[in-house]
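Below: the structure, in structure tokens.
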Amino acid sequence: VQIDHAALATYCFADIDGYEIKPEDRTLQFSTLNFDIAIEEIFPPLLSGGCVVIRPQERSDHRNELSAIVKQSNVTAIHLATAYWHQWVDLMIATGERVPPSIRLMIVTGEKVSVQHYRRWQSICDHDVRWYNAYGPTEATVSATVFEPDDRFDAPNMPIGKPMKRYEA
């Protein structure tokens, strides 16, 4: 999908504002470059003065490759497709691992998020992590809505949220 520079800039600054991207953040560039998630993994961190950690090309032999990358590179922010995030949570549960302590921001995007997986994530997370469900078609320049559950969240389905900052309802 072709997007114009103004849409990209609007999205990037909405991402920086909404997720409070900071110069000290280390964002993992995990997805392929032809996937729209790459936009939020690359441009907002660089525009805010942060660091983009490129996923190593060589495969790790660690039983939980993603956690190993996060720990080794001190990653603070991750954007993951929902299906991959579900698998990562399941793998951490199966291997008895905890959410890596460097993570402060987790954005799950693209498909319906399982509330059961969100509860599992909470059970293996020992520190405060801002966790978001982001949703939007690529034509909206990556994401258009975002939802951040609070301590009182108790619903059978994960909402897709409200329009991102700088976007209109």
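Points worth noting:
- Of the residues making up the range 91-110, one or more are modelled with pLDDT under 95 and either small (Gly, Ala, Ser) or under 14 Å from the mean Cα position of the chain (by Cα) (or both).
- Ile3 closer than 17 Å to Ala144 by Cβ, in contact with a Ser or Thr (Cβ under 8 Å, 6 or more places away or on another chain), touching a residue at least 12 places away in the same chain (Cβ under 8 Å) and not in a helix (DSSP H, G or I): yes
- Considering (1) in contact with a helix residue (DSSP H, G or I) (Cβ under 6 Å, 6 or more places away or on another chain); (2) open to solvent by 10 Å² or more (accessible area, probe 1.4 Å), the lone condition that Asp15 does not fulfil carries the number (2).
- Where a residue in the range 30-49 is of a type in the set (Val, Ile, Thr) and its partner, wherever it lies, is assigned to a helix (DSSP H, G or I), with Cβ under 8 Å and at least six apart: Thr32/Ala38; Ile39/Leu8; Ile39/Tyr11; Ile39/Cys12
- Scope the range 18-46; condition open to solvent by 30 Å² or more (accessible area, probe 1.4 Å) and within 18 Å of Val146 (Cβ to Cβ); matching residues: Glu20, Lys22, Ile39, Phe43
The values are calculated or read from the model by the stated rules, or taken from the named source; none is laboratory data. The structure presented is a predicted model; accordingly, all values stated were derived computationally and were not measured. Quick reminder, even Gly has a Cβ in these numbers, built from the backbone with ideal geometry, and neighbours come from all protein chains shown. We work out accessible area using only protein heavy atoms, side chains counted, and drop any ligands, DNA or RNA first. Shrake-Rupley method; radii C 1.70, N 1.55, O 1.52, S 1.80 Å.
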